[in-house]
Each structure stands twice: as C-alpha cells, then as structure tokens.
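These notes concern the structure reproduced below.
The values are calculated or read from the model by the stated rules, or taken from the named source; none is laboratory data. Please read all numbers here as calculations on a predicted model, not as lab measurements. Neighbour counts run over all protein chains shown; Cβ positions are idealised from the backbone, glycine included. To get the accessible areas, we keep the full protein, side chains included, count just its heavy atoms, and leave off ligands, DNA and RNA. Shrake-Rupley method; radii C 1.70, N 1.55, O 1.52, S 1.80 Å.
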Amino acid sequence: MNKPAIAFIGLGVMGTGMARNLMKNGYTVHAWARHPQKPNVQALKNEGIILHETLQEALKPADVVITIVGYPQDVESLYLQPDGILDHLESGKYAIDMTTSDPELAKTIHEKGRERGIHVLDAPVTGGDAGAKNGTLSILVGGNPEDFETVLSVFEAMGTNIRRFGEAGSGQKAKLANQILISGTMAALAEAWTYAKESGLDLELLYDALKTGAAGSKSMDLYWPRLLKNDKEPGFYVKHFIKDMNLALNQAEKLDLDLPVLEKTRDEYVSLHEDDLGTQALVDYYDPKKK
C-alpha cells in the first residue's frame with residue numbers, strides 16, 4: 001500500500017504524538033476531534049493535519065482509519081453505532097483500533113467489519129507519551145496476517161517494536177498482559193520511592209545507582225525523574241490505567257485466575273481519587289503525610 005491517506009480519531013496524550021509522527025513520515029492525516037479548540041489539536045492543524053467538523057467527513061478520503069480513545073464504550077460507539085465508522089468506511093479499507101480495550105469487543109468489530117469488506121485490526125500500544133512523541137512505541141497487533149503486512153509501514157511510522165500475536169483480539173490480550181506487569185512494577189516503584197524518601201536517601205543519586213541494575217525498568221526511567229521534579233502530570237492517566245486493570249481482572253475471572261497483585265494495585269489507584277493525574281501519582285497512596 002503506497003502512503004495511504006489516514007483518518008485519525010483520538011488526539012489525546014498519546015494520539016497527538018502518533019498523528020504528528022505519521023505526518024513527519026509523509027502521510028496525509030485527516031482528523032476529527034471532539035474538542036477541536038484544544039491547544040494540541042490547533043498545533044497539529046498548524047503543522048498540516050486536516051481537521052474536519054464531523055467524523056464522517058474525516059473518513060471520506062481515508063484508506064486507513066486509526067482510533068485511540070479512552071474506554072471500550074467509546075470504541076464501541078465509534079465503530080458500531082449507526083452512522084459510525086463501519087457504516088461510512090468503504091469496502092476494502094482498513095480500520096485499526098489502538099485503544100486498550102476489550103478483546104471480545106475487538107473480535108466483534110473485526111467480524112462486523114469483515115461482513116462489510118473492511119479489514120480490522122486491534123493494535124494497542126505501550127511506551128507512554130514519550131514513546132508516542134518519539135515514535136518508539138511497542139505495538140501489539142491482533143488480526144489477519146495479510147492485513148498486518150499491508151499496514152506494517154503505517155505502524156512503523158509510530159513505533160519500533162511491532163508484533164502480531166494472532167487473530168482478532170490477540171493484540172488486546174497482549175496489552176493486558178503488559179498492564180498486569182506494569183501494575184506490579186508501579187506498586188513496587190511507589191513503595192521503593194516512599195521507603196527511600198522517608199529514610200533520607202538522596203533520591204536522584206539512588207536512581208542513578210539503581211537504573212542500570214536488576215531493579216531498573218522502563219517504568220523507573222519514565223517516572224522516577226518526573227517524581228524528582230514532583231511532576232505528576234499524565235504521561236498515562238490514572239483513570240485509563242484503572243480501566244486497563246479492570247479489563248485484565250475481567251479476563252482473569254473468565255480464565256478462573258486469581259491475580260492478587262493486580263487486584264491490590266487497582267484498589268490502591270481507585271482509592272487515590274486522582275483520576276486525571278499520571279500513574280506515578282501512586283506515591284501519594286504510600287505517603288505517610290497523606291494518610
């Protein structure tokens with residue numbers, strides 16, 4: 001496929017960087033945004049993104065539509081509602097949902113798309129806002145192998161570690177495994193931060209000492225430096241992480257699995273009532289001054 005025209009839906013923390021990288025790689029990007037006056041959307045418009053007033057107008061010129069929105073209900077509404085994506089995308093076109101969503105919903109959208117001749121893939125991402133900005137996301141894909149190969153160059157404009165895991169829904173399952181890993185990592189990071197801080201250690205020196213050892217992690221590299229600056233702004237929202245953990249717990253229940261670390265971390269985040277902060281705000285749960 002030669003440089004397909006892209007319709008991009010979801011210009012949030014992640015989508016902004018992803019859409020920008022598509023443009024940098026020579027793609028024509030059409031977009032629809034629920035809040036077009038937001039500064040990041042206007043910045044993208046000034047850089048060359050073609051902003052449309054309606055979803056349907058953004059879809060008309062597109063060969064590939066990419067969505068990355070907040071919640072499964074948003075995905076379901078965009079794709080399956082009357083007058084939604086599947087009703088307006090022509091047969092032979094491609095739809096890629098990059099939201100972290102429900103594997104069963106991904107399968108449903110794939111099947112409904114297939115009935116209309118539309119090629120659907122689920123392709124959630126990991127790597128945070130830094131990965132979206134730098135074009136270094138890991139992209140976890142579910143869908144037909146031929147469809148994956150066709151749009152691989154589109155993925156390569158946004159990420160550097162791109163893997164197909166199987167048929168529809170497999171990308172979502174891989175992302176939930178990722179979120180289970182991160183839940184334990186973030187809880188451990190918050191506990192270590194709190195212990196070191198209350199012990200009077202130099203937190204910057206400690207990071208420099210530990211980051212290349214066995215305790216080092218991508219999460220530590222992303223979030224410890226932000227905590228050093230008391231920066232709790234979202235690279236990834238607490239509210240979206242809670243959604244992801246709930247999805248993983250629902251899948252675990254269907255498999256008759258007990259995941260106590262995931263469940264406890266989810267409960268800790270829920271108790272924060274800090275939905276619009278970044279996931280590094282979990283340190284507030286452990287802060288003795290906030291008990």
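Below 14 angstrom from the Cβ of residue 70, what's the summed charge of the other residues (Lys, Arg +1; Asp, Glu -1)?
With Lys, Arg at +1 and Asp, Glu at -1, the neighbours total -4.
Net charge near residue 111, counting Lys/Arg +1 and Asp/Glu -1 over other residues with Cβ under 13 Å of its Cβ? Write down the numbers at each step before the final one.
Details: positive: 107, 112, 114, 116; negative: 104, 115, 122, 167.
Every neighbour counted, the sum reads 0.
For a Förster distance of 41 Å, can you work out the FRET efficiency between the beta-carbons of residue 181 and residue 115, rounded to the nearest 0.05?
On the way: r = 35 Å, r/R0 = 0.86.
Calculated transfer efficiency: 0.70.
To the nearest 20 debye, what is the magnitude of the charge dipole of the chain about its Cα centre, counting +1 on the Cβ of each Lys and Arg and -1 on the Cβ of each Asp and Glu?
580
In Å and on Cα atoms, what radius of gyration and Dmax does region 155-227 show?
16.0, 51
Separation of region 177-204 and region 54-128 by C-alpha centroid, Å?
Here the two parts' Cα centres lie 36 Å apart.
Any idea how far the Cα center of region 6-48 sits from the one of region 233-287, in Å?
One Cα centre to the other: 28 Å.
Run the dipole for region 11-115 about the Cα centre, Lys and Arg Cβ at +1, Asp and Glu Cβ at -1, nothing else charged, and hand back the magnitude in debye, nearest 20.
Its charge dipole is roughly 460 debye.
If one puts a single equal scatterer on every Cα of region 1-87 and applies the Debye formula without solvent, what log₁₀ I(q)/I(0) results at q = 0.16 Å⁻¹?
Values, matching the q order: -0.57.
Could you tell me what percent of the DSSP beta bridges with both partners in region 1-101 are antiparallel, to the nearest 5? Write down the numbers at each step before the final one.
On the way: 0 of 15 bridges.
Expressed as a percentage, antiparallel bridges in region 1-101 total about 0.
Would you work out the relative contact order for region 63-176, in percent, from Cα pairs under 8 angstrom that are 6 or more residues apart?
24
Counting heavy atoms of the protein chains only and a 1.4 Å probe, report the per residue accessible area for region 191-249 as a whole number of Å².
Values: 3180 Å² over 59 residues.
I get 54 Å² per residue for this part.
Tell me whether region 53-142 comes out rounded, prolate or oblate; compute the Cα gyration tensor, take square roots of the eigenvalues as a ≥ b ≥ c, and use a/c under 1.5 as the rounded threshold.
Here region 53-142 falls in the prolate category.
Report the gain in length on full extension from residue 37 to residue 153: 0.36 nm times residue separation, minus Cα-Cα distance, nm rounded to one decimal.
Full-extension gain reported as 38.7 nm.
For 224, 32, give me the order by solvent-accessible area with a 1.4 Å probe, most accessible first, ignoring ligands, DNA and RNA.
On the way: 224 5, 32 50 Å².
Largest accessible area first, the list is 32, 224.
If you build the convex hull over the alpha carbons only and average its shadow over all orientations, what do you get for the chain? Give it in nm² to one decimal.
Mean projected area of the Cα convex hull: 15.7 nm².
Which of the DSSP-defined H helices in the chain satisfy a minimum axial length of 20 Å, computed from C-alpha atoms, and a minimum mean Kyte-Doolittle hydropathy of -0.5?
Qualifying helices: 170-198, 238-254.
Using the structure shown, select from 264/291; 197/239; 24/133; 197/232; 232/289; 24/45 the pairs with a Cα to Cα distance greater than 22 angstrom.
Violating the 22 Å Cα-Cα cut-off are 197/239.
Which FRET efficiency value, to the nearest 0.05, is calculated for residue 197 and residue 271 with the Förster distance at 22 angstrom and r the Cβ-Cβ distance?
Working: r = 20 Å, r/R0 = 0.91.
It comes to 0.65.
Once the other residues with Cβ under 13 Å from the Cβ of residue 249 are scored (Lys, Arg +1; Asp, Glu -1), what is the net sum?
Value of the local net charge: -3.
Rounded to the nearest 5, what % of the DSSP beta bridges within the chain are antiparallel ones?
15
Going by accessible area, probe 1.4 Å, with all protein chains left in place, what is the ranking of 34, 116, largest first?
34, 116
Rank-order 17-27, 245-255 by packing density, defined as the average count of other C-beta atoms within 10 Å over each peptide's residues, highest first.
Highest mean packing first, the order is 17-27, 245-255.
Please list 120, 261 in order of solvent-accessible area, largest first, computed with a 1.4 Å probe with all protein chains present.
In descending accessible area the options line up as 261, 120.
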